[in-house]
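The values are calculated or read from the model by the stated rules, or taken from the named source; none is laboratory data. Quantities reported herein were computed from a predicted structural model and do not represent experimental measurements. Every residue, glycine as well, gets a Cβ built from its backbone with ideal geometry; the counts of neighbours run over all protein chains shown. Side chains included, ligands, DNA and RNA excluded: accessible areas come from the protein's heavy atoms. Shrake-Rupley method; radii C 1.70, N 1.55, O 1.52, S 1.80 Å.
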Amino acid sequence: MIRNGVPLPPTVHPLARRRVWAMLAGSLAFVVVGVVFPVAHSTVKMTVAGAPAVPFFGFCAVSIIQRLRRDRPELVLHDPDAYLARAPKLVRSTASMNARLGFGPAGMAANTLTVPPEAVLDAMRRHCPGLEVQH
């Protein structure tokens, strides 16, 4: 976005590392519960309850570890038009599905950001003054 002939610098928000570490601890706790319940109680009910927890929360834990290991900001607000152009195919198809449902092209969870959602919205409106936001 250019304002008064000068490009706006990108708005950068870092990862809320403490929250993400807490999410990792929760995921690992559910993996442990998913293993312990079927072993300790060895009933069909506990096995059915615990078996899906291990791969699901294991995948969550791996994803969270990857997020913690990468050394880049959690959110950079700069050029909304270029976002979808360079996004992976899955993101572009999700954005087109959202558009068909009447939503905007991007949705975001603010629980891993160090700022409140209102600060993100303010930055988005600075970069795109005509932006309509649904929440």
| note | A 1.4 Å probe over the protein heavy atoms gives the chain a carbon and sulfur accessible-area percentage of 66
| request: Could you work out the relative contact order of the chain, using alpha carbon pairs under 8 angstrom and six or more residues apart, expressed as a whole percent? | output: 34
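At most 10 other Cβ atoms within 10 Å and a DSSP loop assignment: could you name the trypsin sites (Lys or Arg not before Pro) in segment 39-135 that fit?
70
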| Within segment 10-42: backbone nitrogen closer than 17 Å to the residue 63 label point (7 Å, Cα to C-beta) | 16, 19-31
| request: Send over the semi-axes of the chain's equivalent ellipsoid, whole angstrom and largest first, taken as the square roots of 5 times the C-alpha gyration tensor eigenvalues. | output: 38, 18, 12
| task | Kindly report the accessible area of the chain per residue (heavy atoms of protein chains, probe 1.4 Å, no ligands, DNA or RNA), in Å². | result | 72
| message | Run through segment 32-135 and list the chymotrypsin sites (Phe, Trp or Tyr not before Pro) located in a DSSP loop whose Cβ has at most 13 other Cβ atoms within 10 Å. | response | 103
